[in-house]
1. Sorting Phe329, Phe271 on the 10 Å Cβ count, fewest up front, what's the list?
2. Please compute the net charge surrounding Arg413, taking Lys and Arg as +1 and Asp and Glu as -1 over other residues with Cβ under 9 Å from its Cβ.
3. Just name one of Ser37, Ser98, Ala47: the one whose Cα is farthest towards the positive end of the charge dipole of region 1-148 (beta-carbon charges, Lys/Arg +1, Asp/Glu -1).
4. Over the alpha carbons of region 95-251, what is the largest minus smallest coordinate on each principal axis, giving the biggest first in Å?
5. Treating the angle as unsigned and between 0 and 90°, give the value, to the nearest 10°, between the Cα long axis of helix 140-155 and the longest Cα principal axis of the chain.
6. Give me Rg over Rh for region 89-166, both radii from the alpha carbons and Rh done the Kirkwood way, two decimal places.
7. Looking at the chain, what % of its DSSP beta bridges pair antiparallel, to the nearest 5?
8. Packing-wise, with mean Cβ within 10 Å as the measure, how do 138-146, 161-169 rank, highest first?
Amino acid sequence: MNEERRPHVAFLPTPGMGHLLPISELAKLLVDRHRFSVTIITFAEFANKTQDTFLAALPSSISSVSLPAVPLSDLPANARIETRISLAAARSVHALRSILLDLQYSTRLVAFVGDLFSAVADDAAKAAGVPYYVFIPTNFLFLALMLELPALDAAMTCEFWQLPEPVRLPGFVPIPGPEILHPLQDRKNDCYKWVVENARRYRQAEGIIVNTFDAIEPEAAKLLAGEEHGRPPVYAVGPLIRSKAISGEEGALCMKWLDAQPPASVVFVCFGSAGTLSREQTHELALGLESSGQRFLWVGRSPSDVSAAESYFTARSSADPLFFLPDGFLDRTKEVGMVVPSWAPQIEVLGHAATGGFLSHCGWNSTLESVAHGVPMISWPLFAEQKMNAVQLVEGVRVALRPAAREDGVHDRKEIARVVRELMEGEEGKVVRRRAKELEAAAAAALGEEGPSSRALATMAERWRSSSPA
Ligand code: UDP
């Protein structure tokens, strides 16, 4: 096939590696399995070195181009990230249209795919006459909420956290109001309005692509996947996860340490790419892990509540996460534990035979990576949609245990030790471990040649291919 006539898809991921990674995996599948080529469009104001290095290393059929920076200086200093991103997207419509027109001229452009908060960019797709799709890097649960949101917003007279009854989304266990998506918890905040606006745009897309697989959300899959009158067709194409982690300097040390541990004996503790805990919570977690008596590998971060003045006056830099651990902790636990500062090669850690559990913030990439390796979880959600995920993973999917929090939101050391022991040695631990193993097999099957996710991807690719003659 002539290179120029390959069908071409343009993606506009929401800034952040957690969004770029699954989109790049989807791009690789389109290139390898369906002979497409791809352009990934990025935002200049959210560029960073990790992202640039990552994009530069992608295969040659996946190129990237950056939108020019747009002014955001009129936003208040405390504007939330969702507001910044949505506004950047909305103000980039003209530039995006130009990029799409250029791609139409130079390639066989068959689709433009926005994601979570860039849905407003569909105006650009319309202006350029390109079919517009949405990519959801999370799950059916998030999609179900977004599809219901315009109606919920119109009907509600209070905040989500004030709702007397849990939110019932078809196909899911009920979600208590305070566990609903974090940016929706304050209706007066601009970011609430942006999320609702983005949700409205989802319904105008020609299709919605979701990074999930049927077996992890089976009821919702029956209701959402495929075509239905009144909403765009939905394609579940996951789990889109990498086979190799982005490794920091400490990566080799982690793996060497794991090599020396017995099979399925280690709890991996990691709160995603950016999650941090308070100083008190860091302390409690350390002492809880210690008294659990279990082996652990912990990606430590500096606490979220260290002031600039304090870090200036402390002897060691506040950038050193080990500085904030309880006195003597590292020494007392050196036979059974390792704390790695800031980053570990998570995929490789989860795939290592010594890893037997994952204490996770329930980010969706982490969740998929865990179940794809058959590793059961302890759910410890922090922000974004993580609390909704935690409810489903514990009560719906039953692949995770959740520690109870005190009234002030802190998990104390006793409860942490209890839940860690339960996961690794208890009866409940056995149940979630069995479930994780079932999901591991189902995840592999989903992406096998005849698996449901591969078939959904093939249907979508065929639809794109046939929309524009070669
Ligand atoms: N990750 C990693 N090492 C770390 C922390 C995170 O490799 O120390 C990777 C992890 O494997 C996952 C991503 O970063 O692919 C985190 O994505 P997720 O959606 O779970 O959470 P987010 O970072 O978006 O909160």
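Throughout, read-outs are computed from the coordinates displayed, never taken from laboratory work. The structure displayed is predicted, hence computed values, not measured ones. Please note: Cβ atoms are built from the backbone with ideal geometry, for glycine as well, and neighbour counts cover all protein chains shown.
1. Phe329, Phe271
2. Net charge in that neighbourhood comes out at -3.
3. Selected residue: Ser37.
4. 55, 42, 38
5. Once rounded, one gets 80 degrees.
6. Working: Rg = 16.7 Å, Rh = 14.6 Å.
Here Rg/Rh amounts to 1.14.
7. Here the share of antiparallel DSSP bridges comes out near 5 percent.
8. The packing order, highest mean first, is 138-146, 161-169.
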